[in-house]
Every structure is written in C-alpha cells, then in structure tokens.
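What follows is a single structure, written as structure tokens, with notes after it.
The values are calculated or read from the model by the stated rules, or taken from the named source; none is laboratory data. Fair warning: this is a prediction, and the values are worked out from it, not measured in the lab. FYI the Cβ positions are ideal-geometry reconstructions off the backbone, even for glycines, and counts take in every protein chain you see. Quick note on the areas: whole protein, heavy atoms, side chains included, nothing else; ligands and nucleic acids left out. Shrake-Rupley method; radii C 1.70, N 1.55, O 1.52, S 1.80 Å.
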Amino acid sequence: MKGMKVLLNGIIKENPTFVLLLGMCPTLGTTSSALNGMSMGLATLSVLVFSNLIISLIKNLIPDMVRIPSYIVVIASLVTILQMCLQAYVPSVYASLGLFIPLIVVNCIILGRAEAFAAKNGPVSSILDGLGMGIGFTLSLTLLGAVRELLGTGRIFSIPVFPEDFGALIFVLAPGAFIALGYLMALINKIKKA
C-alpha cells in the first residue's frame with residue numbers, strides 16, 4: 001500500500017509540472033507537439049528511475065561533503081548513456097529534442113528526488129518514487145504538448161483533428177507555451193478544489 005502511495009504521489013499530489021512547478025525549461029521548450037512532450041517525459045523518466053535506484057544503493061558509501069557532486073556524476077552518466085541510445089536508435093527524437101537532452105543533467109526534478117527521497121529510502125521505494133514522478137512529468141508534458149499542437153496546428157500526435165487553417169501559430173511558439181501552461185494549471189487547480 002505504501003508503494004502505491006509513493007507511486008501516485010508524483011502523478012497527482014506532487015506533480016512536478018502542475019503542482020511543484022519544477023523542470024520548467026524542458027516543459028516549455030520541448031512541448032511544441034505531443035510527441036516531443038512525451039519523448040522528453042519518457043527520457044526524463046528513465047533517468048529519474050535509474051538515478052533514484054543507483055543513489056539509493058550507494059547512499060551509505062558517499063561522504064556528506066561530496067553528496068551533491070556524486071549525485072550529479074551519477075545523473076550525468078545516465079544522461080550520456082540515454083543521449084547515445086537516442087542518437088543511435090531514434091535519431092528523429094534525438095534531433096527534435098536537441099539541446100534539451102543534456103539539460104536533463106541539471107533538471108531540478110531529478111536532483112531534488114535524489115536528495116529528498118532516494119538518499120533516505122531503499123531501492124524499491126526509490127524506483128517507485130522515480131516512476132511516479134516520471135509518469136507525472138511525462139503526462140504533464142504530453143498534455144501540454146497535445147494542447148499546444150491542437151491549438152497551433154489542429155493536430156494531435158500529427159493526426160489531423162481540425163482543418164489545416166484552424167491553428168493559431170502562437171501556440172506552437174514560445175509565448176504559446178506560457179499561455180497553455182497557465183490555463184492548464186488554472187484548470188487543474190479548479191478541478192482539485194472541486
């Protein structure tokens with residue numbers, strides 16, 4: 001039961017995007033389409049799960065003086081592996097996410113969960129926490145990307161929903177990210193209070 005609570009915590013109660021407002025750089029930068037949002041979310045999820053696992057396993061071996069640098073080395077190693085895998089196996093995703101892949105290293109969600117959860121809990125709980133936060137982040141980015149893509153192009157996952165002339169270009173551009181995120185956060189807060 002505790003494991004399910006840890007898993008659901010990141011999806012609903014402490015959603016990194018809509019509740020904690022963490023990781024805004026990739027959230028706003030990569031969500032011009034649902035596919036980009038989902039790809040970035042899944043990339044972050046994989047690094048989050050494995051970094052939580054590794055840090056929970058080595059937490060007692062790391063001296064307090066080098067705790068944060070050690071976490072960053074673990075995260076950077078995982079991001080490098082992820083980047084090479086994306087470049088080798090899904091070059092189109094690698095090309096569309098571009099610079100945002102290496103920036104996963106400094107994503108405050110990952111370092112925050114390493115410090116707040118993985119360093120204080122066992123491997124199974126840390127994996128579940130990483131999964132919950134990663135799924136919450138992925139759902140948030142996919143939702144934001146879908147809304148922006150629908151309003152900007154009339155498509156979702158490149159599937160036409162509305163006629164071509166439906167879209168408003170602003171939603172595919174940077175200002176549209178802020179507008180869509182603001183309205184989604186307002187909607188989610190209203191639903192949570194109801």
### Task
Working from the alpha-carbon coordinates of region 82-139, get Rg over Rh, Rh being the Kirkwood radius.
1.05
### Summary
Scalar couplings 3J(HN,Hα) for region 136-152 by Karplus 6.51 cos²θ - 1.76 cosθ + 1.60 (θ = phi - 60°), nearest whole Hz, x for Gly and Pro, are x, 5, 5, 4, 4, 5, 5, 4, 4, x, 5, 5, 5, 5, 5, 6, x
### Summary
Taking placed amide H atoms and a strict 5 Å upper bound, the residues 5 or more places from I156 or on another chain that come that close are V161
#### Entry: Most fluctuating residue given options G122, G176, G37, as computed from a GNM of the chain linking Cα atoms under 10 Å
G122
### Message
At 1.4 Å probe size, put M40, M4 in order of accessible surface, largest to smallest.
### Response
M4, M40
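How much mean residue ellipticity at 222 nm does the chain get from its helices, if each DSSP H run of length 4 or more adds -39500 (n - 2.57) and you divide by all residues, to the nearest 500 deg cm²/dmol?
-21500 deg cm²/dmol
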### Accessible area in square angstrom per residue, the chain, 1.4 angstrom probe
52 Å²
### Message
Can you compute the label reach from K13? Point 7 Å from Cα along the Cβ direction, backbone N cut-off under 14 Å, restricted to region 117-131.
### Response
129
### Set of lysines near K13 by C-alpha distance (under 16 Å), chain-local residues within fewer than 8 positions excluded
K2, K5, K190, K192, K193
### Task
Report, to the nearest whole %, how much of the accessible area of region 130-194 belongs to carbon and sulfur atoms, 1.4 Å probe, protein only.
75 percent
### Query
For the pair M65 and K192, what calculated FRET efficiency results from E = 1/(1 + (r/R0)^6), where r is the Cβ-Cβ distance and R0 = 35 Å, to the nearest 0.05?
0.30
### Message
To make sure I understand the rule: partners must be lysines, Cα under 16 Å from the Cα of K59, and not fewer than 8 residues away in the same chain. Which ones qualify?
### Response
K120
